[in-house]
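Notes follow the structure.
The values are calculated or read from the model by the stated rules, or taken from the named source; none is laboratory data. Predicted model, so just to flag it, every value in this text is computed and none were measured. Here the Cβ positions follow ideal geometry from the backbone for every residue, glycine too, while neighbour counts run over all protein chains shown. Protein only, heavy atoms only, side chains kept; ligands, DNA and RNA dropped before computing areas. Shrake-Rupley method; radii C 1.70, N 1.55, O 1.52, S 1.80 Å.
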Amino acid sequence: MPQTVPRPWLDPARALAPSLVRWRRHIHQHPELSFHEVETAQYIANELRLMGLEPQHILPNAVIAEVGDAGRGPTIALRADIDALPISEETGLPFASLTPGVMHACGHDGHTAILLGVARLLADQRENIPGRIRLLFQPAEEIPPGGAEQLIAAGVLNGVSAIAGLHLWSPLPSGTAAAIPGPAMAASDRFTITIQGRGGHGAMPHRCIDALETASRIVVALQSIVSRSVDPLDAAVVTVGRFSSGTAFNVIAGEAVLEGTVRTLREEVRTLVRERLHTVVEHTAASASARADIEYIEGDPAVQNDPGVTAIVADIAEEHLGGGAIRSGPPEMAAEDFACYLQHVPGSFLLLGTANEHRHSTFPHHHPQFTIDEDVMPVGVSILTETAYRLLERFAS
Ligand SMILES: [Zn+2]
Ligand SMILES: [Zn+2]
């Protein structure tokens, strides 16, 4: 039966372009923050119903839909994330956000439209699909622990043989993609360090314990973790993004608070950096007779793309975009909660280029002027649809 299925899907996907643009712009205009995507979920479910599918709200802000029949073959999952960010939009687009301070600045509006497009193509084929395809419209990708964990706990991976997803990616030009086997995106952890000293008069440091000075040395010392403790062939980032201390020019600060993030690609390196961070902070504080409290929160794990599934996705992407348009590395140090699915089932996460100067889509993700190249959406639909079919073949028993 697979040979009777029309391939490639590019022409039917291109015919869907007006719908893709309509879906994407509606969602863009009505963004909702992570964990609050209730109207977005209702909109998605309604569009799926219009296609003749039977969406389920497994959470008020999440939708899944199934196409095909598990009696005919394996189950493959495809995932899109649907949440927006607390950013005030500055694109000036006619369909810009109508909600002040909230914006689709990561491309999740495009991901949602693309998966709706996949649903549309699959709905026409529902009697012929050699298995079952489960479409996951996932909330809360941007705030770990997020929507992926919630959906997994709700059972969306039950019976699933493999999963695929994509991110529209502005660091890559439109017409290119990255299918990266193995570690593809970083684990993301977060820390808050509170230094307790003893405040006092700026002219009498010997009677005080200067928390600001101690925290300054900690910021510098933390940079030695990557340069001196991590194997130079392993990737890691330690960033202190916030430093808060002091009240006046002539007062020695009794407290300082540092906040930052750790990004790593391998679990061993993640553990090493975490342990070294504790050692560096505690010993630096102790050398000043200050006290350090460390709150260390593990976020998303690294995205570990299955090499076999990634080879399939890379082939499909190359069939669509041409030889030389697909890169297999290096990994990205940004994080993605798609990683959570990959801890349970094999799968692959594709980065699909969307940077196009003519479409003003070269701004970085999470920038107030971020937008996507809508012309890439039909390609995304075709790649994901074909991926689902080939994974059904690959995992057929
Ligand atoms: Zn994002
Ligand atoms: Zn994103």
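Structure summary
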quantity	calculated
Mean ellipticity per residue at 222 nm, deg cm²/dmol - from DSSP H runs of n ≥ 4 across the chain, formula -39500 (n - 2.57)	-10500 deg cm²/dmol
Sparse-neighbour loop sites [GluC sites (Glu not before Pro); the range 73-153; at most 12 other C-beta within 10 Å; DSSP]	GLU127
Angle between the chain longest axis and helix 211-224 axis [Cα atoms, degrees, rounded to 10]	50 degrees
Rounded if a/c under 1.5, otherwise prolate or oblate - the range 267-397, Cα gyration tensor axes	oblate
Förster radius 35 Å - calculated FRET efficiency between VAL21 and SER328 (Cβ-Cβ, nearest 0.05)	0.70
Helix 377-394 axis, angle to the chain major axis (alpha carbon atoms, nearest 10°)	80 degrees
Nonlocal amide H pairs with GLU255, under 5 Å, H built at 1.01 Å	GLY197, ALA211, GLY246
Within the range 187-298: Cβ-based charge dipole about Cα centre, in debye rounded to nearest 20 (Lys, Arg +1; Asp, Glu -1)	260 debye
Net charge of neighbours whose Cβ lies under 11 Å from the Cβ of ILE383, counting Lys and Arg as +1 and Asp and Glu as -1	-3
Full-extension gain in nm, HIS360 to GLU149, via 0.36 nm per residue minus C-alpha separation	72.6 nm
Spatial extent of the range 187-298: Rg and Dmax, with the Cα atoms as the point set, Å	14.9, 48
Loop sites in the range 228-298: chymotrypsin sites (Phe, Trp or Tyr not before Pro), DSSP, at most 15 other Cβ within 10 Å	PHE249
For the range 305-339 and the range 34-108, distance of Cα centres in Å	23 Å
Computed Rg/Rh of the chain, alpha carbon atoms with Kirkwood Rh	1.05
Label point distance in nm, ASP234-LEU93, each placed 7 Å from Cα along Cα→Cβ	4.0 nm
Length released on extending from PHE249 to GLU275, taking residue separation times 0.36 nm less the Cα-Cα span	5.9 nm
Residue-normalised accessible area of the chain, given per residue in Å² at a 1.4 Å probe	41 Å²
Carbon and sulfur %, accessible surface of the range 292-388 computed with the full protein complex present, 1.4 Å	48 percent
Loop-located GluC sites (Glu not before Pro) in the range 18-62, at most 15 other Cβ atoms within 10 Å (DSSP)	none
